[in-house]
Structures are given as structure tokens and as C-alpha cells.
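Report on the structure given below.
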Number of protein chains: 2
Amino acid sequence: MRILGVDPGSVTTGFGVVDHEHGRLSLVDQGCIRTPRGAALGERLEIIYEGLIAVISRTRPVVVAVETPFAGLNIKSLIQLSHARGVILLAARSASLEIHEYAPRSVKSAVVGYGGAEKAQVEKMVRLLLPGCASLILSPDAADALAIAICHAHTAGSASRIRVAAGR
Amino acid sequence: MRILGVDPGSVTTGFGVVDHEHGRLSLVDQGCIRTPRGAALGERLEIIYEGLIAVISRTRPVVVAVETPFAGLNIKSLIQLSHARGVILLAARSASLEIHEYAPRSVKSAVVGYGGAEKAQVEKMVRLLLPGCASLILSPDAADALAIAICHAHTAGSASRIRVAAGR
């Protein structure tokens, strides 16, 4: 299963693509979609949408895992972030990807084992869990996006093990 | 100038298209893009985006006027509304429309003359200001969208009168 993780942001949107096969994770692609400082929101949304469409056609994932908005943000940030999430979900729909959403705490919990983990701990675990990632320079947004993809791999993996154990 | 007004919503998005020429307003089109109850957010966003693209290609406006989120909404509604606004701004960008945003109070003020006006007063003024609208059944979302388009017509009209008066 190839998973695209997305860390949405109206200024910078991180993405990370991982393969998850027989319980093993491997890195396919990672990076950021950056929008110009001072650009109007409409222009930013177009750059995010087209950037994500380009990542999807290059890497051909089957599933997208997207972080849900963090409740602790201020209203203005929450509104801008939700605009970005809108076009991210639209890009996923238009590519017929299965969409899964995870709260930031669930992502940290799945990757580090603790929902209150720091960003640096998340990045460290991403590097440990993804062979080929150790020597890369990872931007914080790309590291978050990879963590979201890993979170989905673990969650989906557990769900399928539970189905097998239950004889389904 | 043909103006598309949009009243964004993740469940129902109202639209209204008006022509504004030599200070006169006329109705071109109006209606709602409705999304199925219980549909996932991604599916809704796709319906809103495609619905709006269809309205734009049918009516060929040059400008879109969109209402900004109302600060009094609860966080969950604000998040959902902002997702819808994201795909609405994207649709406007992809059709190369000029984008203008107006706060709900500015719209009421421009149409009724009072920022705290009730919905029924806004609808009544929309009917008075738009010939051809009097006998129509208008949904509340379509009436709001027409009010947003009228607000832009008035605002843009004043701005151009000010430019003329200033000799520019």
C-alpha cells in the first residue's frame, strides 16, 4: 500500500509518501509545497492544489492521510488552515484516493507512543522508522507529513491484523 | 460588469449572478449547490467545486464576490465553512476571476443600509433592487449570494465614481 501523508498549511504544506508492505515501511518521496509570501489566499490555494496533484501523479498513492486542524490554533490560523485542507481534500477526491483523517495527538501517539510528544521526537522516530531517511535533510512540515503517513500505516495495519484475528 | 456572488456553506452554497451596467442591476441567475446529507466532507467539497465551475461556465462572470466567515460561528462550523470557501476560491482562481471578499456586516450595510439587518430585510431589499426577482422563489442562501453580488456592485460603483471625481 502506498500512502500519501499531508500536513496542511496555507503557507507551507508538507507531503510524504511511504510504501507499507508486509509490515515494512519505505520512503518514496517527501517535500513541501511552499507559497509566496504576501500572495493572496486564492493564489496560495491554487499552488497547493496543483502542487499536490503533481505529487499524486508522480507517486501514484492509493490512500491519503491528512492531519485534522489542531484545536489550539487561533481563529485566523484555523480559518486559513481549513481553506488549505479544503483544496487538499478536493485534490485527493479528484484523484479517487481513499481519504483518512488523523488528529495531531493520534499521529504523535502512533509514531512516538505519546500524544504530547515534541516535534523533534516525532522527526527522530520518522528517521528511525523509515530506512533511507536518516541522511536526508527533512523540513519540519515534510517530517510531520511522513509521520501522518506512518500513523495511517500503523492504524491500517492494526485494523487488518484485528480482522485476520477475528477470522474475517 | 457581470458579478457572481457566493454564500459559502459546506452543506448548501448559494450563488447569485447579476449584471451591473450604468448603475443598473439585473438578475442573470441564482440558486443553490446542495450536498447530500451524511456525505463525507471530501465528497461535499467536490460537489461544491464542480457545481460552481458549472455556474461559472454557464454565466461567464468576470468577478466573484464571496462572503468572509462570520466570527460568531462555533469552531466546528467555522472549520467546515472554511473548507468550502477553500474550494470556492480555487474555482474562482481556475476560471481567472477577480476575487473580492466581504464581511457579512458590510453586505448587510451595502444592501439594507444597516450592518445588523435581519435575513428577511436583506431578502426584501434584494427583491426591490433586482428587477425580475420579485416573483421568484428565492432560497435564503441564494438571496444572501445575490446580496453579496449587489454589495460588490455598489462598492465597485462607488470606487469608480470616486476615481472619476478625482480626475483619475
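The values are calculated or read from the model by the stated rules, or taken from the named source; none is laboratory data. Nothing here was measured: the structure is a model prediction, and the numbers come from that model. For neighbour counting, all protein chains shown are included, and Cβ atoms are generated from backbone atoms with ideal geometry for every residue, glycine included.
On the given criteria, is A:Arg105 at pLDDT below 95, more than 16 Å from B:Ala91 (Cα to Cα) and under 14 Å from the mean Cα position of the chain (by Cα)? When the stated conditions are applied, A:Arg105 passes them.
Pick from A:Leu146, A:Leu78, A:Leu89, A:Leu97: which is farther than 15 Å from A:Gln30 by Cα, surrounded by 23 or more Cβ atoms within 10 Å (Cβ to Cβ), touching a helix residue (DSSP H, G or I) at 6+ places or on another chain (Cβ under 9 Å) and not basic (Lys, Arg)? Spell out the reasoning first.
Numbers: A:Leu146 fails: farther than 15 Å from A:Gln30 by Cα; A:Leu78 fails: surrounded by 23 or more Cβ atoms within 10 Å (Cβ to Cβ); A:Leu97 fails: surrounded by 23 or more Cβ atoms within 10 Å (Cβ to Cβ).
Being farther than 15 Å from A:Gln30 by Cα, surrounded by 23 or more Cβ atoms within 10 Å (Cβ to Cβ), touching a helix residue (DSSP H, G or I) at 6+ places or on another chain (Cβ under 9 Å) and not basic (Lys, Arg) holds for just one of A:Leu146, A:Leu78, A:Leu89, A:Leu97, which is A:Leu89.
The listed residues are B:Ile75, B:Ile53, and the only one of them that is within 23 Å of A:Glu50 (Cβ to Cβ), within 14 Å of chain A (Cβ to nearest Cβ) and aliphatic (A, V, I, L, M) turns out to be B:Ile53.
Which residue, of B:Gly132, B:Gly86, is more than 19 Å from A:Ser10 (Cβ to Cβ) and either more than 14 Å from chain A (Cβ to nearest Cβ) or assigned to a helix (DSSP H, G or I) (or both)? Full working, then the answer.
Values: B:Gly86 fails: more than 19 Å from A:Ser10 (Cβ to Cβ).
Exactly one of B:Gly132, B:Gly86 is more than 19 Å from A:Ser10 (Cβ to Cβ) and either more than 14 Å from chain A (Cβ to nearest Cβ) or assigned to a helix (DSSP H, G or I) (or both), namely B:Gly132.
When the residues of the range A:89-101 are filtered to those that are within 9 Å of another protein chain (Cβ to nearest Cβ) and among the small types (Gly, Ala, Ser), which remaining residue is nearest to A:Ile148 (Cα to Cα)? Taking the candidates together, the pick is A:Ala92. When B:Pro104, B:Pro69 are checked against the criterion of being more than 12 Å from chain A (Cβ to nearest Cβ), crowded, with 17+ Cβ neighbours inside 10 Å and within 20 Å of B:Ala142 (Cβ to Cβ), B:Pro104 stands alone in meeting it. The listed residues are B:Ser57, B:Ser94, B:Ser77, B:Ser26, and the only one of them that is of a type in the set (S, T, N, Q) and in contact with a Ser or Thr (Cβ under 9 Å, 6 or more places away or on another chain) turns out to be B:Ser77. All conditions in (1) within 14 Å of chain A (Cβ to nearest Cβ); (2) of a type outside the set (D, E, K, R); (3) more than 14 Å from B:His152 (Cα to Cα); (4) in contact with a helix residue (DSSP H, G or I) (Cβ under 8 Å, 6 or more places away or on another chain) hold for B:Ala117, with the sole exception of (1). For the range A:55-63, state whether one or more residues are touching a Leu at 6+ places or on another chain (Cβ under 6 Å), in a loop (DSSP other than H, G, I, E, B) and surrounded by 19 or more Cβ atoms within 10 Å (Cβ to Cβ). Yes, the range A:55-63 contains at least one residue that is touching a Leu at 6+ places or on another chain (Cβ under 6 Å), in a loop (DSSP other than H, G, I, E, B) and surrounded by 19 or more Cβ atoms within 10 Å (Cβ to Cβ). Summed over the range B:38-54, the residues that are surrounded by 21 or more Cβ atoms within 10 Å (Cβ to Cβ) and under 24 Å from B:Pro104 (Cα atoms) give a count of 5.
Tell me, please, whether a residue that is within 9 Å of chain A (Cβ to nearest Cβ) and free of Cβ contacts under 8 Å to residues at least 60 places away in the same chain can be found in the range B:17-34.
No, the range B:17-34 contains no residue that is within 9 Å of chain A (Cβ to nearest Cβ) and free of Cβ contacts under 8 Å to residues at least 60 places away in the same chain.
Let me confirm something: among B:Gly5, B:Gly31, which residue is at pLDDT 95 or above, buried (at least 19 other Cβ atoms within 10 Å of the Cβ) and in a strand (DSSP E or B)? Break it down into steps so the answer makes sense when it comes.
Details: B:Gly31 fails: buried (at least 19 other Cβ atoms within 10 Å of the Cβ).
Of the residues listed, the single one that is at pLDDT 95 or above, buried (at least 19 other Cβ atoms within 10 Å of the Cβ) and in a strand (DSSP E or B) is B:Gly5.
Just one of (1) over 14 Å from B:Gly5 (Cα atoms); (2) more than 11 Å from chain A (Cβ to nearest Cβ); (3) of a type outside the set (Lys, Arg) fails for B:Gly42. It is (2). A single member of A:Leu73, A:Leu78 is outside any helix (DSSP H, G or I) and at pLDDT below 95, and it is A:Leu73.
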